[in-house]
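The structure appears right after this line, and notes come after that.
The values are calculated or read from the model by the stated rules, or taken from the named source; none is laboratory data. Values in this document were obtained by computation on a predicted structure and should not be read as measured data. Note: ideal-geometry Cβ built from the backbone for every residue, glycine included; neighbour counts use all protein chains shown.
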Amino acid sequence: MFFLFLIKASPNAPKLGPMELTIIITVPVCLLSIAAVLTVWACQARQCTYRKKKRPNVEEPLSECNLVNAGKTLKDLIYDVTASGSGSGLPLLVQRTIARTIVLQEIVGKGRFGEVWHGRWCGEDVAVKIFSSRDERSWFREAEIYQTVMLRHENILGFIAADNKDNGTWTQLWLVSEYHEQGSLYDYLNRNIVTVAGMIKLALSIASGLAHLHMEIVGTQGKPAIAHRDIKSKNILVKKCETCAIADLGLAVKHDSILNTIDIPQNPKVGTKRYMAPEMLDDTMNVNIFESFKRADIYSVGLVYWEIARRCSVGGIVEEYQLPYYDMVPSDPSIEEMRKVVCDQKFRPSIPNQWQSCEALRVMGRIMRECWYANGAARLTALRIKKTISQLCVKEDCKA
């Protein structure tokens, strides 16, 4: 129309025939049409490329559930040592994807670090330990220990993911693990009486988990020896099959046998006073020797075994649940109060006389006494305890 207007407006312009007018009008229209088609085609090609980039077979998954492919469950992923290529847990991208798509359900516990939530991910239950930002060191250390190469074991809590969530005003630090609905051993013993076979299963699984933790595995895919430093019934979880999983590794120490160095966390928190070994209470422990930390764990395990054995029913006789030293110190004892009882007076939890009438309780009582020696070097090792309880398991014909 613009061209027609120009032609009309100029009296001296040459007259154009119908053919010329058709060409003048058609050519621009065709060019515009071609340009429009090319633009649409380019946009579609671009969208295609974008969709390909967003597919789950590359770096950024579309759906978190696609991670569990080929029928794999979370348990399969947790215990598949080939998942990360190093046996140290899931790749960081997978961890982050899982953590950021968990739906929190309810609080199941609180501690000095923060809260523990029951969560759901792709129809499966998970536990989410939420640290506040001021406890970043504890969160980082626990995540680091859980991702130690070759740490995976059926009697150590299965670690899934670690991630930080920042909404602009506050930061939450998440540690995602297997969920065990029975809760801690402390909760379990408060609710339940155990049979002789049940006591042996619980005790053997704790010894197995601790023996694996304490053991060094040599090789390129090896594992350093690790001491827990806060063994207690509240830091041990009970699984559906009524065996245990050791949890809460935030205070753990690692030993480098090649350099003979001890990796101690930069964390001001210490273990639970009630469960502290005598040498920790009176400050005589040699912290430059890694064996000292393992021996302190053994003392604590002896106290946990005492808690379990008290709830064992023999001939219809069973005692109510109590914490170790319940009759000697207050509910929240100080180090001074524990030192007086354990180091100065050399008291230990009492072994009831009726235990002598049951072979299993007699053996467990002997193990406890050998865990409680004032001299740490005289105490049993986790492996020795495991072997002794394994023999007891065979003798009592219990399926552990």
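Looking only at segment 253-296, count how many residues are of a type in the set (Gly, Ala, Ser) and at pLDDT below 95. Going through segment 253-296 one residue at a time, the tally reaches 2.
Residues of segment 158-173 that are over 20 Å from Gln221 (Cα atoms), touching a Phe, Trp or Tyr at 6+ places or on another chain (Cβ under 8 Å) and not small (Gly, Ala, Ser): Asp163, Asn164, Lys165, Gln172, Leu173. Filtered by the rule that a residue be in contact (Cβ under 8 Å) with a residue 24 or more places away in the chain, not charged (D, E, K, R) and not in a strand (DSSP E or B), segment 92-107 gives Leu93, Val94, Gln95, Thr97, Ile98, Ala99, Thr101, Ile102. Going residue by residue through segment 180-187, is there one that turns out to be assigned to a helix (DSSP H, G or I) and farther than 23 Å from Ala296 by Cα? Yes, segment 180-187 has at least one match. Scanning segment 371-382 for residues that are free of Cβ contacts under 8 Å to residues at least 60 places away in the same chain and either in a helix (DSSP H, G or I) or of a type in the set (A, V, I, L, M) (or both) returns a single hit, Ala378. Applying the criterion of at least 3 residues that are in the same structural domain as Arg191 (by the TED database) and more than 30 Å from Val194 (Cα to Cα) to the strands (runs of 3 or more DSSP E) found wholly in segment 226-319 leaves 253-256, 261-263. Within segment 228-235, none of the residues are farther than 29 Å from Glu136 by Cβ, touching a Leu at 6+ places or on another chain (Cβ under 8 Å) and surrounded by fewer than 23 Cβ atoms within 10 Å (Cβ to Cβ). Kindly evaluate Ile385 against the criterion of being over 20 Å from Gly271 (Cα atoms), in the same structural domain as Thr195 (by the TED database), of a type in the set (A, V, I, L, M) and part of a loop (DSSP other than H, G, I, E, B). Here the answer is no, as Ile385 does not meet what is asked. Exactly one residue out of Met328, Met364 is over 30 Å from Lys239 (Cβ atoms) and hydrophobic (A, V, I, L, M, F, W, C), and it is Met328. All of Arg348, Arg362 fail the test of being more than 17 Å from Leu210 (Cα to Cα) and assigned to a helix (DSSP H, G or I), apart from Arg362.
Looking only at segment 211-224, residues that are touching a Leu at 6+ places or on another chain (Cβ under 8 Å) and not in a helix (DSSP H, G or I) come to 2 in all. With the structure loaded, tell me whether Val176 is free of Cβ contacts under 8 Å to residues at least 60 places away in the same chain, surrounded by 22 or more Cβ atoms within 10 Å (Cβ to Cβ) and touching a strand residue (DSSP E or B) at 6+ places or on another chain (Cβ under 6 Å) or whether it fails that test. Considered against the rule, which asks whether it is free of Cβ contacts under 8 Å to residues at least 60 places away in the same chain, surrounded by 22 or more Cβ atoms within 10 Å (Cβ to Cβ) and touching a strand residue (DSSP E or B) at 6+ places or on another chain (Cβ under 6 Å), Val176 comes out as no. When the residues of segment 303-327 are filtered to those that are β-branched (Val, Ile, Thr) and surrounded by 21 or more Cβ atoms within 10 Å (Cβ to Cβ), the one that is farthest from Gln354 (Cα to Cα) is Val304.
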